[in-house]
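Below is one structure; the comments refer to it alone.
The values are calculated or read from the model by the stated rules, or taken from the named source; none is laboratory data. On a predicted model such as this, the values are computed, not experimentally measured, just so you know. Cβ placement follows ideal geometry from the backbone for every residue including glycine, while neighbour counts extend to all protein chains displayed. For accessibility, only protein heavy atoms count, side chains too; no ligands or nucleic acids. Shrake-Rupley method; radii C 1.70, N 1.55, O 1.52, S 1.80 Å.
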Amino acid sequence: VAVPTEKFPNFNFVGRLLGPRGNTLRDLQARSGCKMIIRGQGSIKPRPGESLEQLALLPKNAHLSEPLHVIVEYTGIAEHADKTLRYARELLAEYVQTPVDDRREKLAARQQIREEDAARGHPPHRNGGRDDRFHRERERERERE
């Protein structure tokens, strides 16, 4: 599935597809029953001290010379493949066709993080959920003292 980076060069499609802590991509994979792999330019973030040019020289990163895209793989009953892949493409289309309001995206990301925190047993904080990580780190420091 092609990602329209040339149409929207300043939009962070990789971040939108991955979502907070990779939750969005995992959710898409679970809902579709397909494996999804982000490939192409911008799909890999170099580590400190590395450059994209160095990464592109490695054979496993040959895809970095291609435009950004998502590979959708299905392994299962052959009779269900077309329907499952079509559904996966429809789900992906919502995330790659047109960028949406950035504020709405950030609110959705915060909500995903809150839900994940609640599932892990972290209570919501007094300030309405803002700076949850900061407060958890402070609590841990106090416990260590």
Gly121 vs. criteria outside any helix (DSSP H, G or I), over 30 Å from Phe8 (Cβ atoms) and modelled with pLDDT under 65: no
Segment 38-49, residues that are assigned to a loop (DSSP other than H, G, I, E, B) and in contact (Cβ under 8 Å) with a residue 24 or more places away in the chain: Gly40, Gln41, Gly42, Ser43
Output for segment 57-72, where each listed residue is farther than 22 Å from Lys7 by Cα and open to solvent by 50 Å² or more (accessible area, probe 1.4 Å): Leu57, Leu58, Pro59, Lys60, Ala62
Filter pass, Arg89 being over 20 Å from Arg31 (Cβ atoms) and either at pLDDT below 70 or open to solvent by 100 Å² or more (accessible area, probe 1.4 Å) (or both): no
Sole exception among (1) surrounded by fewer than 13 Cβ atoms within 10 Å (Cβ to Cβ); (2) within 10 Å of the chain's Cα centre (by Cα) for Arg16, by number: (1)
Number of the exception - Ala81 against (1) of a type in the set (A, V, I, L, M); (2) without any contact (Cβ under 8 Å) to a residue 24 or more places away in the chain; (3) under 27 Å from Glu115 (Cα atoms): (3)
Neighbours by Cβ (under 8 Å, 6+ apart or cross-chain): first from segment 50-72, farther than 27 Å from Leu91 by Cβ; second assigned to a helix (DSSP H, G or I) and polar (S, T, N, Q): Leu55/Asn61; Ala56/Ser65
